[in-house]
Amino acid sequence: MTSDEFHEGPITMTRKGFGFFALGDDQEDLLIPPELTLHALSGDIVKVAPLGAYRDPSGRMPPRASGKVVEVVSRARETFVGTLAPLETARSGQALTGQVEEDHGALLIPDYKKMHVPIVVKDRGDAALGNKVVVRMVSWDADKDYPLGTIEEVIGKAGDHETEMRALALDQGFSPTFPPGVVAEAKRLEAEGRALLAEEAKNPKRRDMRDAPTCTIDPFDAKDFDDALSVRAKGDGTFEVGVHIADVSFFVRPGDAFDTEARERATSVYLVDRTIPMLPEILSTDLCSLNPDQDRLAVSAVFTLDGDANIIDEWFGETVIHSDKRFAYEEAQAVLDRGEGVFHTELSLLLNLSKKIRARRQARGAIEFDTAEVKVELDAAGKPIAIRLKERKDTNLLIEDFMLLANEAVAKHLAKLTQNGGPHFHSLYRVHDAPDTDRIENLANLLRVMGYHLQTSGAGQVTGTELNRLLEAVKGKPEEYLVKTAALRSMSKAVYTTRNIGHFGLAFDFYTHFTSPIRRYPDLIIHRLVKAHAGGDPIREEEMQEFDRLAVHASEREVAAASAERDSIKMKQVEFLADKVGEEFDAVISGVTERGLYVEEQTTHADGMIRIKDVGDDYFEYDEKHYQLLGKRTRKSYRLGDPIRVKLAAARIMEKELDFVPVA
């Protein structure tokens, strides 16, 4: 077979061991049967040779084009976090086929669910069975059932709060510790950083905005403040609003130890009990953080707005600012609600302008998902004691509106400067493609079953206005959270790229990330571009040519961080409910499959499953067309979106899984 008969690219694996390889150009994906995957894992780069049509022995699947993996070119991940178990507990029950006989060997049961087999560890050293560890996979021979690995780090005893939180981060490739070079540089800044900051604050090229009334508004438990707002009336019916963003780029220079590590991490990670920062604390919570009552360096977008919040003038550049007040969202809201207090005049003015900015955005078709987030409260030992939905107040929306305003304006500003070439011809965009037509049609069908109508075009396209109409219709209903989640899942993923296609969800033609350089690396790049175009340090052409690769990497790390954050919440939801086995709850059916029902408990919003054998005293069949299970004898149906009373049957904390049964 010649080389041009091979295809190279990423493979996607299912839980049942089948692989799918995309050929592109509207061709059907190649199906790779389990025995022909060559032990490939999801995301691995593989070489695939096309085969004839695959015929499913069970007859459930029509014949389709197939292939086989002939080489695993590179692994998407080489390290795995999991629990050490005795050799005899191999998941599949298969023999180890002579891979290991040592008394000190063990199996790693991976936390990563797409790693469908354990990893053989020949020598576990001092690590005890039952420990959570990080293992590097070193080989997986084609004729062996299991891969071989070596232990790189012992995390701690499985089940302990500290162990599990560290494990979640490490499993996604985020280390809570920094390498020696970063630690050394951080110590240098602890000694010299304040003097450097004070000296730079005198730099005449920086616009001095220390006299502008300025505040930060953040969550009550925030430790890093990377954005501040200033506002003052100009006396002619217009207002000067400054969106001031921490000038991380002053301290983090291209290619230094901070920059190299920040680029690799690409983002901070926010677990239920901790932040794993992109930058060391001397930067993230001290020198770069816009702490109150201290002069700080910023990169700012300063707008002159008229009474309807239209932009009359704008300026972008380096500033020095002084935050007069640090508000929690709740504190700022209380000032507005009382009608008096510190910064009442400024907050009221900002709120009034923000509402007009938002109304204009909504009129253009921006989608207002306003998705509720789960907040887990922990005691000192890390045990969950309460779970509630975060409440979005006017002050949350106020900050969001001005951050969106700045992000859009900076994206437009850089796009204008780069369109004619010149020394800085690249920029980074945050783009959001229009949703896939098939997904929208599936969403419309799903909603129809639930009694809602989503207006789509004949080509399966939808407007933001129609989606907003749907979201308004479900507001306050038991199925609100479910419908919002289903709508979100039907959307394309927002990503970073150098090729602008606009942002569908926000209804912006130009959008980027400028407002969070303490916790997102792409924002740091945007700051460097703003400075470079304003006559600051030029960006080397080699660095700009890395923007495409950087955009892909940042998008991937963002997904990994979100997965770790989501898993930390899910684990604590299960732990919170673990001592409530046998109790009854109100839930909503959030998914229907041939395996059973997925349900969402309404107080904690925890997900769980009712297995089909536990659904009821009948034979239930899966009606895929109507998203329901239907009893053959009783004709009783369980349909997507239906409220259901359930009893908690089991809570498996380590697996982050809940089992429910219906209450008759």
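Filter segment 618-659 for residues that are surrounded by fewer than 18 Cβ atoms within 10 Å (Cβ to Cβ), under 29 Å from Tyr452 (Cα atoms) and hydrophobic (A, V, I, L, M, F, W, C) and give the result. Within segment 618-659, Leu630 is the sole residue that qualifies. Which residues, counting only those in segment 199-222, are closer than 30 Å to Ser348 by Cα and either surrounded by fewer than 14 Cβ atoms within 10 Å (Cβ to Cβ) or not assigned by TED's automatic domain parsing to the domain that holds Ser249 (or both)? Of everything in segment 199-222, those that are closer than 30 Å to Ser348 by Cα and either surrounded by fewer than 14 Cβ atoms within 10 Å (Cβ to Cβ) or not assigned by TED's automatic domain parsing to the domain that holds Ser249 (or both) turn out to be Asp211, Pro219, Phe220, Asp221.
The requirement of being part of a loop (DSSP other than H, G, I, E, B), more than 28 Å from the chain's Cα centre (by Cα) and of a type in the set (Gly, Ala, Ser) is not satisfied by Gly365. Hey, any hits in segment 81-90 for a residue that's in a loop (DSSP other than H, G, I, E, B) and either modelled with pLDDT under 90 or buried (at least 16 other Cβ atoms within 10 Å of the Cβ) (or both)? Yes - at least one qualifying residue is present in segment 81-90. Screening the candidates Leu196, Leu189 for the property of being closer than 19 Å to Phe258 by Cβ and either in contact with a helix residue (DSSP H, G or I) (Cβ under 7 Å, 6 or more places away or on another chain) or surrounded by fewer than 14 Cβ atoms within 10 Å (Cβ to Cβ) (or both) yields one hit, Leu189.
Could you tell me which of the residues Asp642, Asp579, Asp607 is acidic (Asp, Glu), within 30 Å of Ala386 (Cβ to Cβ) and free of Cβ contacts under 8 Å to residues at least 24 places away in the same chain? Of the residues listed, the single one that is acidic (Asp, Glu), within 30 Å of Ala386 (Cβ to Cβ) and free of Cβ contacts under 8 Å to residues at least 24 places away in the same chain is Asp579. In summary, helices (runs of 4 or more DSSP H) completely within segment 437-535 and bearing 3 or more residues that are within 30 Å of Thr603 (Cα to Cα) and of a type in the set (A, V, I, L, M) occur at 437-449, 464-473, 480-490. Does Val138 count as in a strand (DSSP E or B), under 31 Å from the mean Cα position of the chain (by Cα) and surrounded by fewer than 17 Cβ atoms within 10 Å (Cβ to Cβ)? Yes; evaluated as a whole, the condition is true for this residue. If the condition is being under 31 Å from the mean Cα position of the chain (by Cα) and surrounded by fewer than 15 Cβ atoms within 10 Å (Cβ to Cβ), then segment 112-135 contributes Lys113, Lys114, Gly130.
Would you confirm whether any residue within segment 640-649 is of a type in the set (D, E, K, R), at pLDDT 95 or above, touching an Asp or Glu at 6+ places or on another chain (Cβ under 7 Å) and closer than 29 Å to Lys113 by Cβ? Yes - at least one qualifying residue is present in segment 640-649. Of the strands (runs of 3 or more DSSP E) lying entirely inside segment 543-651, those carrying at least 2 residues that are of a type in the set (Asp, Glu) are 584-593, 596-601, 620-623. In this entry, Ile387 is excluded by the filter for residues that are touching a Phe, Trp or Tyr at 6+ places or on another chain (Cβ under 8 Å), assigned to a helix (DSSP H, G or I) and either assigned by TED's automatic domain parsing to the domain that holds Leu506 or at pLDDT 95 or above (or both). Per the listing Arg566, Arg469, the residue uniquely of a type outside the set (Val, Ile, Thr) and touching a residue at least 12 places away in the same chain (Cβ under 8 Å) is Arg469. When residues in segment 233-245 are screened for being buried (at least 16 other Cβ atoms within 10 Å of the Cβ) and either among the basic types (Lys, Arg) or within 12 Å of Glu318 (Cβ to Cβ) (or both), 2 of them pass.
As a summary of the residue check, Ala266 satisfies the conditions (1) modelled with pLDDT under 95; (2) in the same structural domain as Ser354 (by TED's automatic domain parsing); (3) on the phi > 0 side of the Ramachandran plot except for the one numbered (1). Here's a check for you: in segment 149-160, which residue that is out of contact with any helix residue (DSSP H, G or I) (no Cβ under 9 Å at 6 or more places or on another chain) and not hydroxyl-bearing (Ser, Thr, Tyr) is nearest to Leu87 (Cα to Cα)? Per the criteria, the residue is Gly149.
Screening the candidates Met165, Met115 for the property of being of a type in the set (A, V, I, L, M) and part of a loop (DSSP other than H, G, I, E, B) yields one hit, Met115. Residue pairs whose Cβ atoms lie under 7 Å apart, sitting 6 or more positions apart in sequence or on different chains, and linking a residue in segment 502-514 that is outside the structural domain of Leu467 (by TED's automatic domain parsing) and under 25 Å from Ala228 (Cα atoms) to a partner that is of a type in the set (S, T, N, Q) and surrounded by fewer than 22 Cβ atoms within 10 Å (Cβ to Cβ), are Phe510/Asn500.
The values are calculated or read from the model by the stated rules, or taken from the named source; none is laboratory data. Since this is a predicted model, take the numbers as computed values, not measurements. Glycine gets a Cβ as well: all are built from the backbone with ideal geometry, and neighbour counts include every protein chain shown.
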